Amino acid sequence: MESEAKMRNENFYCTILSRTRLYQGLALLASLKKVMGDDYYIFIHCIDEESYTLLKKLNWKNTKLIHENKIAKTVVALKDERKVHEYCWTLKPVICDYVLQKYPSIKRITYLDSDLYFWGDPREIFKNQPDCSVLLSKEEKYSPRANQSIQLRSRITGLYNSGFISFKQDEIGLQAVTWWKEKCLENCKIAPEEGIFGDQKYLDELPGLFPGICDITTPGVNIGPWNELKYQFSNVDDSVLINEHSLVFYHFSGLRVAAKEDIQFVYRVNPKRLPFIYPQYIKAITEAIESVAKLDPDFNGFANENDLKRYWN
């Protein structure tokens, strides 16, 4: 582990990986490297031995693996009680809190879902809003062509997307991540009739509970299948623009890697109408698959039948 003196000048992120999300996780790492060089550091919590062992072999620069034995036994015990995706959702605030508590010199930790991919520099987000204790990604799901079904899902899933959420190392940031952690440990299922949607719906309450909770104002953040119809995607000088703004990251939600030549879209009704960035992302995943195969030919990170099922209907 690098010295804390050096760590103060780096940008800190964390993510959660399983065997069947590892290829997408490697694509995420490659995108961070492309837009930030070596000016980032990411903590990776692996929920299974397969992903932990593979990443240890890979020895990716600027990463710190968090083994499950570093997490409280009461948290790990939930793995036997919850579905895999529920357990991973539960771990989001747990890992953020773990990093902030263990490394007090870290000024901010930002959680990233493994299916994010960066085209722009996320440091702009923090430069634009340096005083915010918590930065939330507003969903903005209502596209001009959104049907009633999509709008209903927006009300069920919450105002914010938990795929990118950032906590500052200050009193409010620590209080907020602790509150979120306690809620997720209590319940992290999908139960719209109870006002619960995994880890995510709880975030609606944060602005009313604490000061310093901010919606991210930087354009090009939290773009995904739910709002892509609002934007015109274009390539300009090797940068991707959405309308007139640079795309910082796209959230490839609902994408599953069933095989090298079989990447499926769990939530899309018409997967033929995709932004041109999708082939670029699929290329990054293919490269990840090939690099893993060279390192460990026996590793299988492909999605199984359960991974290809919808979490909710």
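The values are calculated or read from the model by the stated rules, or taken from the named source; none is laboratory data. Computed from a predicted model, the values in this text were never measured in an experiment. Quick reminder, even Gly has a Cβ in these numbers, built from the backbone with ideal geometry, and neighbours come from all protein chains shown. To get the accessible areas, we keep the full protein, side chains included, count just its heavy atoms, and leave off ligands, DNA and RNA. Shrake-Rupley method; radii C 1.70, N 1.55, O 1.52, S 1.80 Å.
Some points to look at:
- Test result for Ala293, over 28 Å from Glu86 (Cα atoms) and not aromatic (Phe, Trp, Tyr): yes
To keep it simple, each residue is scored yes or no on (1) touching a Cys at 6+ places or on another chain (Cβ under 9 Å); (2) modelled with pLDDT under 95; (3) assigned to a strand (DSSP E or B); (4) open to solvent by 50 Å² or more (accessible area, probe 1.4 Å).
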| site | (1), (2), (3), (4) |
| --- | --- |
| Ser162 | no, no, yes, no |
| Ser166 | yes, no, yes, no |
| Lys183 | no, no, no, yes |
| Leu206 | no, no, no, no |
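- Test for Pro130: is it free of Cβ contacts under 8 Å to residues at least 12 places away in the same chain, within 16 Å of Gln169 (Cβ to Cβ) and outside any helix (DSSP H, G or I): yes
- Any hit, the stretch 262-279, residues being part of a helix (DSSP H, G or I) and open to solvent by 70 Å² or more (accessible area, probe 1.4 Å): yes
- Residue in the stretch 141-148 that is touching a Leu at 6+ places or on another chain (Cβ under 9 Å), within 25 Å of Ile47 (Cβ to Cβ) and either modelled with pLDDT of 95 or more or of a type in the set (S, T, N, Q) (or both) present: no
- Residue within the stretch 67-84 that is hydroxyl-bearing (Ser, Thr, Tyr) and buried (at least 18 other Cβ atoms within 10 Å of the Cβ) present: no
- The condition of being without any contact (Cβ under 8 Å) to a residue 12 or more places away in the chain and more than 21 Å from Ser31 (Cα to Cα) holds for Arg273.
- Residue list for the stretch 209-260, filter: modelled with pLDDT of 90 or more, surrounded by fewer than 13 Cβ atoms within 10 Å (Cβ to Cβ) and among the polar types (S, T, N, Q): Thr217, Gln232, Asn235, Asn243
- Cβ-Cβ under 9 Å pairs, at least 6 apart or on other chains, the stretch 225-240 side farther than 17 Å from Leu255 by Cβ and hydroxyl-bearing (Ser, Thr, Tyr), far side assigned to a strand (DSSP E or B) and modelled with pLDDT of 90 or more: Tyr231/Ile223; Tyr231/Leu241; Tyr231/Ile242; Tyr231/His245; Ser234/Val240; Ser234/Leu241; Ser234/Ile242; Ser239/Ser246
- Scanning the stretch 226-233 turns up at least one residue that is part of a strand (DSSP E or B) and touching a Leu at 6+ places or on another chain (Cβ under 8 Å).
- Unmet requirement for Asp38, which otherwise passes all of (1) closer than 30 Å to Ile277 by Cβ; (2) modelled with pLDDT of 95 or more: (2)
For every residue, the table says whether it meets (1) open to solvent by less than 20 Å² (accessible area, probe 1.4 Å); (2) among the hydrophobic types (A, V, I, L, M, F, W, C); (3) farther than 13 Å from Cys88 by Cβ.
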| residue | (1), (2), (3) |
| --- | --- |
| Arg21 | no, no, no |
| Leu29 | yes, yes, yes |
| Met36 | yes, yes, yes |
| Tyr40 | yes, no, yes |
| Ile44 | yes, yes, no |
| Leu54 | yes, yes, yes |
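- Condition broken by Leu65, with the remaining ones in (1) assigned to a helix (DSSP H, G or I); (2) in contact with a strand residue (DSSP E or B) (Cβ under 6 Å, 6 or more places away or on another chain); (3) over 22 Å from Phe249 (Cβ atoms) satisfied: (1)
- The residues in the stretch 95-105 that are crowded, with 21+ Cβ neighbours inside 10 Å and either under 14 Å from the mean Cα position of the chain (by Cα) or modelled with pLDDT under 95 (or both) can be counted, and the count is 2.
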